[in-house]
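One structure is given here, and the rest of the page talks about it.
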Amino acid sequence: METVILAVVIAVVVIGALGGLVIGSRKRKQLPPPPPAAPDITAPPAEPHVGDEAEAPHDEPRRAIEEVDLPPASATAPVVVEEPTPAVEAPGIEVPEPTAGRLVRLRARLSRSQNALGKGLLTLLSREHLDEDTWEEIEDTLLTADVGVQPTQELVERLRERVKVLGTRTPEELRGLLREELLTLLVPEFDREVKTDSNLDTPGIVMVVGVNGTGKTTTTGKLARVLVADGKHVVLGAADTFRAAAADQLQTWGERVGARTVRGPEGGDPASIAFDAVKEGIEEGADAVLIDTAGRLHTKTGLMDELGKVKRVVEKHAPLDEVLLVLDATTGQNGLVQARVFAEVVDITGIVLTKLDGTAKGGIVIAVQRELGVPVKLVGLGEGADDLAPFEPEAFVDALIGE
């Protein structure tokens, strides 16, 4: 019995010991952390506003405006007074070169492109034997230079006769002979003055005509410079209303020499603008009125009729003193076709040959004068403002054959 009791006691002790071990192991396991205590909430620093320091505002004693001490007057910042921007001055009026002797001054430029004609003729005439083949070469040289068929035949016949009579042919004699014959073809007795002096109590009226691309507007502007250089008071009429910016271009030319431009709306009636230009020129006592017309294609009959209308409307004030036909000298014989058509519509009184310093051939001067029976009065020898020169036959021939 005692043995049974002892066994029971031992079993109870063992069971108790095992239970203690289990509970101890459970206690050694990490328990979850306790919940954190509620943090103390601190107000965030105040954000600075415009003009504030970047720090939390703090209370400062406030003062009334009467209590604030102002700095002495001497310590105040000086007042800066900005000086007014000076007005931009308008460009001054240019003084064009005098027209007297202008072609002589431009002779070198002309001779660079034109003296091939003179040198070629002098070389052929200097041959020891002037046979038929040589005379044919002389004819070809003249025709290639746009002299024209009839003037060429006349020149060759006179040269053959005079060379035969002369006998000897020194370079000086041949140069003098050729110079005389070319001057004869240029008709030196032609009156080449641009008519800007009216017989009436009105300005001289000049109308400038020609096809597209010949340089009419530029020529009109340069002609204004020529007249201003001679002491004339000029008014410009921008009757070319079909080409964009033509009136602006002409006005720019006029402003450079102090000539006023009468213009109208783009696409307006050219005859009306030409009429107003002459009217205002009369009112302000101008010496000359230059009318720039549209670049009319000579194949457009309607446009040519309108050119006649401009002429008739202008003549309600006073008759035209000058009608200048502008031709591009580089077009050669095609320019003669244009000249014929314009001569049928308006009475051409003078010719202006432009671009004579380029690839143009000097013979066109002879051909166009023979075709129309009117003189070449002005020639354009470059792109410069004062490169429009009165035509002087002697200076022109000297440039052709050289010195």
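The values are calculated or read from the model by the stated rules, or taken from the named source; none is laboratory data. Quantities reported herein were computed from a predicted structural model and do not represent experimental measurements. Positions of Cβ are generated from backbone atoms using ideal geometry, with glycine treated the same way; all protein chains shown enter the neighbour counts. When the accessible area is computed, the model is the full protein with side chains, heavy atoms only, and any ligands, DNA or RNA have been set aside. Shrake-Rupley method; radii C 1.70, N 1.55, O 1.52, S 1.80 Å.
Take the Cα of D131, step 7 Å toward its Cβ, do the same at D197, and the gap between the two points is 5.8 nm.
Calculated on the alpha-carbon coordinates, the convex hull of the range 311-403 measures out at 112 cubic angstrom per residue.
Computed from backbone phi, the HN-Hα couplings of the range 343-350 come to 5, 6, 8, 10, 7, 5, 10, x Hz, rounded to whole numbers (Karplus: 6.51 cos²θ - 1.76 cosθ + 1.60, θ = phi - 60°; Gly and Pro given as x).
Inter-label distance, E383 to V156: 3.9 nm, where each label sits 7 Å from its Cα along the C-beta direction. Between the amide H of F391 and those of L378, V379, distances stay under 5 Å, these residues lying 5 or more places away or on another chain, with hydrogens modeled in the peptide plane.
Using the Kirkwood radius over C-alpha pairs as Rh, can you work out the diffusion coefficient of the range 140-229 via Stokes-Einstein at 20 °C, viscosity 1.002 mPa s, in µm² per second? Numbers along the way, then the final one.
Working: Rh = 17.2 Å.
Translational diffusion coefficient: 125 µm²/s.
Close amide H contacts of G350 (hydrogens built in the peptide plane, cut-off under 5 Å, sequence separation of 5 or more or a different chain): V323, L325.
Considering only protein heavy atoms, with the full assembly of protein chains and a 1.4 angstrom probe, order V165, V262 by accessible area, largest first.
On the way: V165 120, V262 10 Å².
These residues rank, largest area first, as V165, V262.
Exposure check, 1.4 Å probe, all protein chains in place: H129 carries approximately 130 Å² of accessible surface.
Expressed as a fraction of 2.2 N^0.38 Å, the value expected for a compact globular protein of N residues, the C-alpha radius of gyration of the range 158-283 is 1.58.
Go through K195/K216; K311/K361; K119/K232; K232/K316; K316/K361; K222/K361 and tell me which ones have a Cα-Cα distance over 29 Å in this structure.
On the way: K195/K216 18 Å; K311/K361 32 Å; K119/K232 40 Å; K232/K316 23 Å; K316/K361 40 Å; K222/K361 23 Å.
With Cα atoms farther than 29 Å apart: K311/K361; K119/K232; K316/K361.
Rounded to the nearest Hz, the phi-derived 3J(HN,Hα) couplings of the range 287-293 under the Karplus curve 6.51 cos²θ - 1.76 cosθ + 1.60 (θ = phi - 60°) are 7, 8, 10, 9, 10, 8, 9, where x marks glycine and proline. Close amide H contacts of T261 (hydrogens built in the peptide plane, cut-off under 5 Å, sequence separation of 5 or more or a different chain): L236.
Classify the range 245-318 from the C-alpha gyration tensor, please: rounded if a/c falls under 1.5, else prolate or oblate depending on whether a/b exceeds b/c. It comes out oblate by the Cα gyration axes.
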